[in-house]
Every structure is written in structure tokens, then in C-alpha cells.
Amino acid sequence: MCDCLVALPSTTDGTRTLFAKNSDRPPTEPQDVVWHPPRRDHDRLRVTNIEIEPFAGETLGCVLSRPRWCWGAEHGVNEAGVAIGNEAIYTTLDPRAVPRALIGMDLVRLGLERSTSAAEAVGVITALLEGYGQGGSGHDPVIVGADKPYWSSFLIADAHDAWVVETSGTTWAAEQITTAAAISNRTTIAAFDAEHRHPRQPTERFVDARLAASRAVLAAEPVTVPGLMRHLRSHDSCAPGEDGWSVCMHVPGVEATTASMVAELVTDGRASRAWMLLGSPCQSIYVPTPIGEDFVAPRWERFAGLVEAADGEAMATLHQLESWLATECPSAADAWRLVDETLTRHGL
Ligand SMILES: [Zn+2]
């Protein structure tokens, strides 16, 4: 599961696109926030399941949030100010019947490494999808005990433009966004939804309330960074009787939000910035991370453990640090170092 939102400048303060994602995953799956600098691949590139032709040239540096078991990423931002997040979706095509190929998270990372604009990323992702196919587990088979394949939809944005891409195998549709948009775990492009949505997927139980809550946040302009963070930490978007299936997700043993991001995309000479979060959004903090700088983030396990291990004093200190970081804007390395030191000081 997941939720992604984008607000183009006409719906924010006029100067920047805002992008947000909650990554809902198996609750014990670790995820790392990392800076991948530009890279030149000379040999075929090994991604999660297959090898592909290397990119002709230098890749773009990216801040990524990566499930530790795979090559790809749940979400990220590159140094050209492109942000991408994906979602698991289900269609009438059974993903279990398809051989291993690219997975959605590979396509998120490849789109970021190879695109200088949102429109270019749409072309990169769909060309790779057609060239190599889509298939294989989207969860670590060791953690979930079995292959768990799904198709992906993508929300792709830059400072001026945004797109939704929905896929079923190698079939895809793309829709340009004019103001703001949200996606969740279902097809939403009208013609694609009519043709491909699985008729028995219980979207009204697990998906539609989250999608409606995201759309309501986007409708209440101007869209702001604090407003998006509040939404990603919210628990009031469950269908009746479906506790835990909220935007900040908590379904023990099944699915939980394990990482989150709010990104500010600009092109006027400033660097874009991503507020990266590890663990549960309601029990962790967003760390402002300028795109283009190296840093070392503490391991995911330390943030995931905050739910049990952090006392009120530790959480209060962390939230004070979050506020301070938001106003002082230190370097990425300093911001993550301060978070590390604060966790250590509280024995976390
Ligand atoms: Zn929560």
C-alpha cells in the first residue's frame, strides 16, 4: 500500500511543486535513506531481478528511500528536481503468472537516475517497461514468506509539471496533471481504470478512504509542507471497521508505513529539498535533506524502534529538533548527524 500526492505551483505558494509519499510495506522491512551520487556504468547493470543495458552517460545523483533487499527505491528526488513515488496496483492481469523482470521500485530509481524532467521520466519508465517487462516480487520473499508481485502506478513531478503513469504488465497509460493529484492503490486514469481494474479488488475497504483524504488535503489550497506532513501522520482515513488502514498505516503483521517523504521541487538556482522520514510518520521526524549533498542517515531500525523504545521526553526532544531543522536548514550531513546524536543521547 502507499499514498502519493503532488501539488503544482499554482496550488502551493506559486514558487514550488510539493510532492509527498507514505511508503506502506511489511512492518519489519528495513528501508535506507541514501544519497547515490552520479555514476557511470560501463557494464550491464544488475537491478533487482535482471541485467539491463547501462545508461549512455552519467546518471543523476538522487536521494532515495530504498528497501534494503532490492536495487530499487520506494521514492526519491534527483539533483534535477524530479521526484517519483510508486504504488502497488492490481488489474485483471495476474502478476503471479509473469516471469521476473523489472519491478516498480527499479523503475522509480531508473527514472530518477536517467531523467532531467518529469516528462522525460515518463518516457524513460515506459520505454524500460516495454523493453524489459515488469515482473517479480515487490516484497522481500524472506520477510513475507512468499513472492508477492504487483503492478505499479507512479506519480512523477518536477518544479513545473507532473504525471500519473499506471501499468498492467507492459501496458501503460499516462495522464498529465494540471493542478494537483493524488494516487493510491488503485487505477485512477478513467479509460485505464475501466479497462484494467480488477473487479474484485476491495478498494472501498482499503484504498478509497485514503485517496479521498489525500484529495481533500490538495483541495484545501494553498498546499503547504506542514499540511502534507500532518496528512501523512493522520489516522482518520479508514473505512468503517478497517482500523489501521489509514494514511499513516498500522496493520500489525501485515502492513505499516515504514518511510515517508515530502519534497520541495524548485529550479531557480536553488537545490530542491526532501524531508525524509524513516519509521512511522506519527512516531518519527522529517529530516530536511538538500538534494546534491552527501550524508549518512542512521539505520531504519533505530527509527522503527521509537514506537516501543522512545519515552515522552525523547519524542519531545526529537520533535523540537524537527522544528529547529525546519527553520535553520543545516546541510544534509549536519541534519542527519544531529538526529543520530539525539537518538544516541536517549539510548535509541
Ligand atoms: Zn501513525
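Key figures for this structure:
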| read-out | value |
| --- | --- |
| Radius, Kirkwood style, for region 256-338 when every pair of distinct Cα atoms is counted (Å) | 13.3 |
| Scattering profile of region 84-235 at q = 0.10, 0.19 Å⁻¹ [log10 I(q)/I(0), Debye over alpha-carbon scatterers] | -0.36, -1.27 |
| Leading residue at positive end of dipole, region 100-199 (Cβ point charges), from 188, 123, 160 | 188 |
| Positive minus negative residues near residue 23 (Lys, Arg vs Asp, Glu; Cβ under 11 Å) | -3 |
| Surface share of carbon and sulfur [accessible, 1.4 angstrom probe, percent] for the chain | 53 |
| Most positive-pole-ward Cα, 286, 244, 254, against dipole of region 216-342 from beta carbon charges | 286 |
| Cubic angstrom per residue, convex hull over Cα atoms of region 128-177 | 93 |
| Region 14-89-region 214-281 distance, computed between alpha-carbon centres (Å) | 18 |
| Accessible solvent surface per residue of the chain, calculated while the other protein chains remain in place, 1.4 angstrom probe, Å² | 38 |
| Cα gyration tensor shape of region 213-272, rounded if a/c is under 1.5, else prolate or oblate by comparing a/b with b/c | oblate |
| Peptides ranked, highest mean first, by Cβ atoms within 10 Å: ranges 131-137, 265-271, 214-220 | 131-137, 214-220, 265-271 |
| Förster radius 51 Å - calculated FRET efficiency between residue 327 and residue 200 (Cβ-Cβ, nearest 0.05) | 0.55 |
| Debye, to nearest 20: dipole size of the chain, +1 on Lys, Arg Cβ, -1 on Asp, Glu Cβ | 320 |
| Taking all pairs of distinct alpha-carbon atoms in the chain, Kirkwood radius in angstrom | 19.9 |
| Alpha-carbon Rg/Rh ratio, for region 57-139, with Rh computed the Kirkwood way | 0.97 |
| Whole-number percent relative contact order across the chain, with pairs defined as alpha carbons under 8 Å at least 6 apart | 20 |
| Max mean-square fluctuation residue, GNM over the chain, Cα-Cα springs under 10 Å, options 22, 185, 49 | 49 |
| Phi-based couplings in Hz for region 299-314 (Karplus 6.51, -1.76, 1.60; Gly and Pro marked x) | 5, 4, 4, 5, 7, 4, x, 4, 4, 8, 8, 7, 8, x, 5, 5 |
| Expected-Rg normalisation [2.2 N^0.38 Å, Cα atoms] applied to region 28-69 | 1.33 |
| Simple spin-label estimate for residue 208 and residue 143 in nanometres, 7 Å along Cα-Cβ | 3.0 |
| Average projected area [Cα convex hull, region 8-49], square nanometres | 6.1 |
| Dipole moment magnitude, nearest 20 debye, region 154-225 about Cα centre, only Lys, Arg, Asp, Glu C-beta charged | 360 |
| Peptides ranked, highest mean first, by Cβ atoms within 10 Å: ranges 277-287, 9-19, 195-205 | 277-287, 9-19, 195-205 |
| Cut-off 11 Å between beta-carbons: net charge of the residues surrounding residue 285, Lys and Arg +1, Asp and Glu -1 | 0 |
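The values are calculated or read from the model by the stated rules, or taken from the named source; none is laboratory data. Everything numeric here is computed off the predicted structure, so don't read it as measured data. Note: ideal-geometry Cβ built from the backbone for every residue, glycine included; neighbour counts use all protein chains shown. Ligands, DNA and RNA are stripped out before the accessible areas are found, and what is left, the full protein with its side chains, is counted by its heavy atoms. Shrake-Rupley method; radii C 1.70, N 1.55, O 1.52, S 1.80 Å.
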